[in-house]
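The structure appears below as structure tokens.
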Amino acid sequence: MLKGMFSRPENMRMFWKEFMRQCVDIGIGSLGIVLIISMFMGGVTTLQIAYQLVSPVIPKSTIAQIVRDTIILEFAPTLTCIVLAGVVGSKIASELGNMRVSEQIDAQEIMGINTKGYLIMPKILAAIIMIPCLIAIAGFLGIWGGQKAGELGGILSAEQYWQGLRQDFRAYNIFFALFKAFVFAFIIASVPSYYGYNVQGGALEIGKASTSAVVVTCVLILFMDYLLAALLL
Amino acid sequence: MIELVNIKKGFGDKIILPDVSAVMETGKVNLIIGSSGSGKTVMMKCMVGLMPVDEGKILYDNRDFTNMTEHEKKEVRQQIGMLFQGSALFDSMTVEENVMFPLEMFGKGSQKEKRNRVMECLERVQLKDAAKKYPAEISGGMKKRVGIARAIVLNPKYLFCDEPNSGLDPQTSLLIDKLIKELTLEYNITTVINTHDMNTVMESGDHIVYMYKGRKQWEGSNKDIIFSKDEKLNDFIFASDFLRDAKEMRQMEMFQSQDWRNKLKKD
């Protein structure tokens, strides 16, 4: 499948058009759910850390410091990608599965189109570009959500929160989060594409392929999460 | 002209096409008929290159399609139009965009010229008014006609139709048959139709290949079929009492014509 994907597109303009369509589908289409989960993710993290850090010798700003690192290192890339595996992964698998079953892929093959290059490659490229952007947004919103939850719950003030955010900040953590985002983005687009493209049968098989794609994608994300943490941290 | 020379195709131990040779003639509607499981769909998929053959050759105007490089195959494929059983229209595109798709991908010329060509094809299938509709908004017969418009938009030399009448009412079926026949003659295309439909066989079958258990059982035209003595073919084509009566009536009509009496005497 990889060999076919990397061959030169028949028509660059059509490839670009499809790539932009995928960028909109993956990026804009998933923005809503990313906004919601990241804000709540930050809020809940603040509340739970405050609940556990009860020692009077630990300054309140430490809560923000832990929230920042947890969100940047783990929650923004991994949790968001697990959700995206469901949202984007199932959409890719069912779209390609439906195209396979209804002979739309065969129709393109007969026209002389390299369908792996035209249908799968734009999805992978769009995911690799859009998902890190979504994760960056998730990181910012998660941290912002943490601040708001801290203020609303009377746990710590905005000044204390910002002071904590600036303490011991390591830029490497951002690099690590974005590196994970690129790896997860590739998994989120390629695994469902493989399952969708190779569907055989009817509607039932599309559903099965979609479910399998999401499950395998989630497991691979968690496995790679562990592997990257072990190698890069 | 498309020639199939001793093609063999199997899946694992199961041989679907043991050894088939046939010629699909230019400017004629060539039909592949046979009961379900007789290998006609596999044969068509081998012809268009969706399935590789295990042995044998497929020649497109004497060019060996089976031994071509991917690049050469792509060139031949751009001369092929295909109408699928389920129409295979792209759901996310309008009727106009569906017909425009092959032109956008491979066509030359300005956007205006391409649009004019699309409108010309849609007018040919009487669907100009449905140009802005999505496939989900049109009927089965209209979908087939959009499929035909998309198949002919690049002026193909070869047109393949996989069960073009399945799921359609008799009147719409006749309309589709008529359209395919007209296009075949108009553009001098080599048309290959895979069908079960007896109306199509009798109305459009310039050249018919009857498949039985993966083998070519009979070959001839829609006129020959009336006088065929092949038992298996007769059981398949004239399956009901009504059709057997119709066959006898047609035989009598044809026998009364001088040309056919002469032909039968010669045979």
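Estimated from the Cβ-Cβ distance and a Förster radius of 30 angstrom, the FRET efficiency linking A:LEU35 and A:ASN198 is about 0.35. Taking every alpha-carbon pair under 8 Å whose residues sit at least 6 apart, chain B reaches a relative contact order of 26 percent. Amide H of B:VAL192 versus every other amide H placed in the peptide plane: which residues, excluding those fewer than 5 positions away on the same chain, fall under 5 Å? Residues meeting the amide H criterion: B:ASN30, B:LEU159, B:PHE160, B:CYS161. Here the extension length gained between B:MET51 and B:ASP91 equals 11.9 nm, from 0.36 nm per residue of separation less the Cα-Cα distance. Each Cα pair under 8 Å and six or more residues apart adds its sequence gap; the mean of these over the residue count of chain A is a relative contact order of 36 percent. As a length-normalised measure over Cα pairs under 8 Å and 6 or more apart, the relative contact order of segment B:14-74 settles at 18 percent.
Cα to Cα, under 21 Å, and not fewer than 8 places away if on the same chain: which lysines meet these conditions relative to B:LYS223? Cross-link targets: B:LYS28, B:LYS178, B:LYS181, B:LYS232, B:LYS247, B:LYS263, B:LYS265, B:LYS266. Altogether, the Stokes-Einstein calculation at 25 °C and 0.890 mPa s, with the Kirkwood radius of segment B:92-155 over Cα pairs as Rh, returns a diffusion coefficient of 216 µm²/s. In a reduced charge model with +1 at each Lys and Arg Cβ and -1 at each Asp and Glu Cβ, chain A shows a dipole moment near 280 debye about its Cα centre. With the convex hull constructed from alpha-carbon coordinates only, segment A:173-212 shows a mean projected area of 2.9 nm² over all directions.
Among the lysines of segment A:19-232, pairs that are 8 or more positions apart or on different chains and have alpha carbons within less than 20 Å of each other number 5.
Extension gain, A:LEU53-A:ILE174: 0.36 nm per intervening residue step, less the Cα-Cα distance, totals 41.0 nm. Quick check on the protein assembly as shown: take the gyration tensor over C-alpha atoms, sort the square-rooted eigenvalues as a ≥ b ≥ c, and tell me if it's rounded (a/c under 1.5), prolate or oblate. Verdict is prolate for the protein assembly as shown. Since only A:LEU204, A:CYS81, A:PHE179 are under comparison, the one whose Cα sits farthest along the positive direction of the charge dipole of segment A:19-232, derived from C-beta charges on Lys, Arg, Asp and Glu, is A:PHE179. Above 16 Å lies some portion of the pair distances; for segment A:110-178, what is it as a whole percent of all C-alpha pairs? So the portion of pairs separated by more than 16 Å is 66 percent. Using the Cβ-Cβ distance between B:VAL23 and A:ILE129 with R0 set to 51 Å, the FRET efficiency from 1/(1 + (r/R0)^6) comes to roughly 0.50.
A Cβ-based charge dipole, computed about the Cα centre of the protein assembly as shown with Lys and Arg at +1 and Asp and Glu at -1, lands at about 680 debye.
For B:MET211, the residues whose modelled amide H falls within less than 5 Å of its own, excluding neighbours fewer than 5 places apart on the same chain, are B:ILE33, B:GLY34, B:GLN217.
Each reported figure results from applying straightforward, stated rules to the coordinates on display, with no laboratory input. As the structure is a computational prediction, the values presented were derived from the model and not from experiment. Reconstructed Cβ throughout: ideal geometry from the backbone, glycine too, with neighbour counts over all protein chains shown.
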